[in-house]
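Values quoted throughout were computed directly from the atomic coordinates according to the rules given, and no laboratory measurement underlies them. Remember, predicted model here, so these are calculated numbers, not experimental data. So basically every Cβ, Gly included, is an ideal-geometry build from the backbone, and we count neighbours across all protein chains shown.
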Amino acid sequence: MSSPSLAHPLTSLRVCVAADAEAAAEVAATRILTLLREKPTAALGVATGSTPSPVYRALARSLQSEPLDLSRARAFALDEYVGIDPRAPQSYRSVIDAEVTEPLGFDRRLVAVPDGSSADLDAAASAYEAGIDAIGGVDLQILGIGHNGHIGFNEPGSPHDSPTRVVDLAEETREANARFFDGDIDRVPRQAMTQGIGTILKARSIVLLAFGSGKAEAVARALEGPIAEASPASALRRHADVTILLDKAAASSLS
Ligand code: PGA
């Protein structure tokens, strides 16, 4: 189904090239289930976007055949748009509710999403960071990667020690996400609240998934380019426990 995880020759990361996205998603789902079986109160870092959706679907399928009580598990979303109604279908609160909280049976009170509609965004960002620290940190962070190499909404130029904060979205990110707003880029928010790269690196384990040829260059820059602020995902090479799960197309630019 998938090749064994291999230490990438140029990085400390484990890289696994799966037969396809579904197979990669199964690997990620198995990692999550193993964690939650061992530690029912674990904190899972959850991403939104197209990439993690098959992971959540694989989890839901597994839970149907092999039920596991997730009601004591915590989840922390990576990011949220600023200035969007949390009840809007495009809000990451809505997406996490629909893809994670409800189908997997998390207790909604234990699922945190940055508060992008707060009247005091800086205070809300600091409170989000403090909330992660207060429960002892994220055990396993699921990540996608943007075409420009972003993780969360940490666009190129983000410091690798950045905390949760409000950021401006890159134009290419807004263009990519217009598909969730009926293709209308003018409706895509210009800012977001995101866990920082420093926040992400505090997670005990990280699994990054990338699918399709459109992600190949970003993956190659992250794994084989310089570790630099211009390449947000390259910061993952500073972490001791990262697994990269790719389909063949997303791995196609690796040397
Ligand atoms: P995608 O987004 O999974 O929708 O491609 C990934 C990202 O922007 O981090």
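With each label modelled as a point 7 angstrom along the Cα→C-beta vector, the GLU22-ARG109 pair spans 3.9 nm. In plain terms, the C-alpha convex hull of the stretch 61-189 casts an average shadow of 8.9 nm² when viewed from every direction. Restricting the chymotrypsin sites (Phe, Trp or Tyr not before Pro) of the stretch 43-151 to loop positions (DSSP other than H, G, I, E, B) with no more than 16 neighbouring Cβ atoms within 10 Å leaves nothing. Rounded, prolate or oblate: which fits the chain, taking a ≥ b ≥ c as square roots of the Cα gyration tensor eigenvalues, rounded meaning a/c under 1.5, else prolate when a/b beats b/c? Verdict is rounded for the chain. Modelled spin-label separation between ARG61 and GLU171, with each label point placed 7 Å from Cα along the Cα-to-Cβ direction: 4.1 nm. Judged by the ratio a/c of the largest to the smallest principal axis of the C-alpha gyration tensor, the stretch 123-255 counts as oblate, that ratio being 1.5 or greater while a/b is no larger than b/c. Calculated [222 nm] ellipticity per residue, helices only, for the chain: -8000 deg cm²/dmol; basis is -39500 (n - 2.57) per DSSP H run with n ≥ 4, divided by all residues, nearest 500. When every Cα-Cα distance of the stretch 112-186 is counted in 5 angstrom steps from zero, the calculated P(r) takes the values 3, 13, 19, 23, 22, 14, 5, 1 percent.
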